[in-house]
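Heads up, the thing below is written out as structure tokens.
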Amino acid sequence: MRRSDPPFGGVIGRYHDESTPWWPEPERAAPGSPNVVVVVLDDVGFAQLGCFGSDLSTPTFDRLAAGGLRYSNFHTTALCSPTRSCLLTGRNHHRNGMGRVIEIANGFPGYNARIPFANGFLSEVLVEAGYATFAIGKWHLTPEDETHAGASRARWPLGRGFERFYGFMSGETHQFVPNLICDNHLTPPPGRPEDGYHLTADLVDRAIGCVRDLRVVDPEKPFFLYFATGACHSPHQAPAEWIARYRGAFDGGWDRWRDETLERQVAAGVLPEGTELSPRPEWVPAWDTLSADEQRLYARYMEAFAGFLSHTDHEVGRLLDFLELTGDLDNTLLFVLSDNGASSEGGPTGSMNDVRPWNGVATDLAEALGHLDEIGGPRWHNNYPWGWTIAGNTPFKRWKREVHEGGVADPLLVHWPRWIGAPGFRRQYVHAIDLFPTILEAAGLEAPALVRGVPQSPVDGTSFYATLADQGAGGAHRLQYYEMFGCRALYEDGWKAVTHHPIMQTEPGFDEDRWELYHVAVDPSECHDLAAHEPARLRRMIELWWVEAARNQVLPLDPRPLPTLVGARHLSVPDRRRYVYYPGAAQVPELVAVNVKNRTHRVEARVRLDEPGAEGVLISQGSLLGGWCLYVRHGALHYVHNRAATEPDRLSGDVSVEPGEHTWAFEFARTGEHRGLARLVADGAVVAEAPIKRFTPGRFSLTGAGLTCGYGNGLPVTDDAGAPGRFTGVLDQVVVEVDGQPFVDPEEEAADVIAMQ
């Protein structure tokens, strides 16, 4: 609870010589309280760290494992926002309103992306106990329509107990041209790709800076650092030299990699002797059935991922080196974990641009091979194919977003030299909600009844603090439900009941789903379904799942991300037909910017030129990976519509750039589904006209690239516009008017969503 100011403890007389001054003592943590660092990796599968059986180079994480503990029975929710909410509150994800990621929130309590203030954050508890609190990197816990510069900051990091924040708000961002926030304001990246800038190094610099700034004035105050990398979520982007280190490393393919990885896992003690490799699913082709070109491309996708992970490991190593320099590492309780299993979002053949499936655009083999050497660089949003996903989750079934072990079993490292005795493995069942009570116990604290005056809800997690020092300590977490997009499971004392429900499937319904039963204490890879042998146990566990679902706000079950992806949605900002944008304003997230998709619209820029020859961006939305831009260059007005980095639609027309006032406009008249007639109008005259046969139907960007006025971002929609391409004249405003509601073809959009999986 945020304490009220204490009463004055001195004496106030009529005059100073009969008065006694007094100052309240600042809140201090108990002597010896540990620093806490939580490193959250993104979309890193159970088998992708070297210390969990991989052959990828992760010496920093391996060093932590060698001097600490590896929890090989750690579990998450199967998706990023939900898991992160569990880590920071100790409550189950549906109780946090995080049954899904923030971008597809809906109007039910378990899915509204609004974490209740009754579910206090670890940062809120620790800051009131005398800790410094820092959040660096990916946040993804604020409703998407509250992430703009004009939004309430109540659910931003500084509104939830963190004293400093530097990172990005969305689920992913471009690693060379990220969309960044510093504390409570948007800020441009401090470097450019051509200068060698990369987000992970920037995040580590900021984390080091936070600790450094604290230590120069207070050598004793403990800190809580929540460090959440963008790695290894797509786009898999890394400095070219890191990717080059893996040339040829994956030419043997995913089948061989799975076999060899399981051998390493068992030999190292990550998994017990006798652990079986789950069968490669039928929808993943055998590596030796692929053509030579397919193998070459798919291996390169994996090289980019591997370079991304190894580069991240190196940068985290810099943070650890600094903590050693300050003398903090010995008394730092440090966790390294991933938020869910390896991702399948690259689809069966991998992806050059993850926004394409959202817009019905495919990438053929020839196109991808034509850009082979650009994979992992700033011009693409690449992701590996399903075969590497399954490999990354070795030996488990399935992947992120589903609740078989491939989606929810993740690596967890714990390092705390002052407390942990002999390094080794821990087999106790642990869930993401358990970190909150464990950290509080390590700090000598209890979960408070009030946080900032708000009565607190019960904590769901159970502390595993005892297991840090005692390998034989019993596991306290005995029961845990799972649910994600209708996929459901229940863990109970070494047994797991689980069912898979295909995303978007409404018929047949949930009651027709087939439940499986596994004794995961002896069959961790879910190879032997015991449903037919233990029907009574399975029935009881299914009934118990429904009890847990009702208790945790899981209902109603809904496998459809579609309604909240592309349909009507309640926003915190009013919908309108006329939007006015002013030059230099902060970037506007796509969700709360004007929606020009599949509707007639007019974009009008009003300018004043004091000198002839003005040029630059008037208004832009998105990036080189997808978007649109209206700009002036070389005496002509240009409009470019870039649908997911395919061949763009271009209009150009000569205009007067002589001194005086001018009105330049783009008009789009809808003539059918996602198509229409486009025109450029300069001072009342049409200067260019052409049809647009296929306008972007889904998202322009997945990396947070929003709408800007008077400038573009560091990855412009078209190279011709320049970066940032600031308009050199006087731009008064840009008015965008839209007509009618954007119409969505459910069947078409559903097909796109399914293709994305």
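The values are calculated or read from the model by the stated rules, or taken from the named source; none is laboratory data. Model, not experiment: these values are computed from the prediction. Ideal geometry is used to build each Cβ from the backbone, glycine not excepted, and the neighbour counts take in all protein chains shown.
In table form, for the structure just shown:
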quantity: Unique residue being of a type outside the set (Gly, Ala, Ser), farther than 30 Å from residue 265 by Cβ and in contact (Cβ under 8 Å) with a residue 12 or more places away in the chain when the list is 17, 43, 55, 5; calculated: 5
quantity: Complete set of residues in region 363-381 that are of a type in the set (A, V, I, L, M, F, W, C) and without any contact (Cβ under 8 Å) to a residue 24 or more places away in the chain; calculated: 366
quantity: Close pairs (7 angstrom Cβ cut-off, 6 or more residues apart or separate chains): in contact (Cβ under 8 Å) with a residue 12 or more places away in the chain in region 530-546, charged (D, E, K, R) anywhere; calculated: 531/516; 541/492; 545/488
quantity: Qualifying positions in region 478-493 - in a loop (DSSP other than H, G, I, E, B) and either without any contact (Cβ under 8 Å) to a residue 40 or more places away in the chain or within 27 Å of the chain's Cα centre (by Cα) (or both); calculated: 485, 486, 493
quantity: Matching option when the condition is under 13 Å from residue 166 (Cα atoms) and under 28 Å from the mean Cα position of the chain (by Cα), among 228, 244, 240; calculated: 228
quantity: Filtered residue count, region 398-417, keeping only those that are β-branched (Val, Ile, Thr) and in a helix (DSSP H, G or I); calculated: 1
quantity: Every residue from region 238-289 that is under 12 Å from residue 390 (Cβ atoms), of a type in the set (Phe, Trp, Tyr) and assigned to a helix (DSSP H, G or I); calculated: 254, 257, 287
quantity: Unique match (being in contact with a helix residue (DSSP H, G or I) (Cβ under 8 Å, 6 or more places away or on another chain), within 30 Å of residue 328 (Cα to Cα) and at pLDDT 95 or above) among 226, 197; calculated: 226
quantity: Qualifying positions in region 3-31 - surrounded by fewer than 11 Cβ atoms within 10 Å (Cβ to Cβ) and closer than 27 Å to residue 124 by Cβ; calculated: 3, 4, 5, 6, 7, 23, 25, 26, 31
quantity: Failed item, numbered, when residue 420 is tested on (1) surrounded by fewer than 18 Cβ atoms within 10 Å (Cβ to Cβ); (2) among the hydrophobic types (A, V, I, L, M, F, W, C); (3) outside any loop (DSSP other than H, G, I, E, B); calculated: (3)
quantity: Unique match (being buried (at least 24 other Cβ atoms within 10 Å of the Cβ) and in contact with an Asp or Glu (Cβ under 9 Å, 6 or more places away or on another chain)) among 51, 80; calculated: 80
quantity: Residue identified as surrounded by fewer than 19 Cβ atoms within 10 Å (Cβ to Cβ) and closer than 22 Å to residue 41 by Cβ among 432, 473, 442; calculated: 442
quantity: Counted residues, region 524-549 - those being more than 31 Å from the chain's Cα centre (by Cα) and acidic (Asp, Glu); calculated: 3
quantity: Qualifying residue in region 598-606 (condition: part of a loop (DSSP other than H, G, I, E, B) and either surrounded by fewer than 22 Cβ atoms within 10 Å (Cβ to Cβ) or in contact with a Pro (Cβ under 9 Å, 6 or more places away or on another chain) (or both)); calculated: yes
quantity: Matching entry among 65, 29, 78 (being among the small types (Gly, Ala, Ser), in contact with a strand residue (DSSP E or B) (Cβ under 6 Å, 6 or more places away or on another chain) and in a loop (DSSP other than H, G, I, E, B)); calculated: 78
quantity: Pairs, first part of a helix (DSSP H, G or I) in region 208-225, second small (Gly, Ala, Ser), C-beta under 8 Å, six or more apart; calculated: 210/132; 214/132
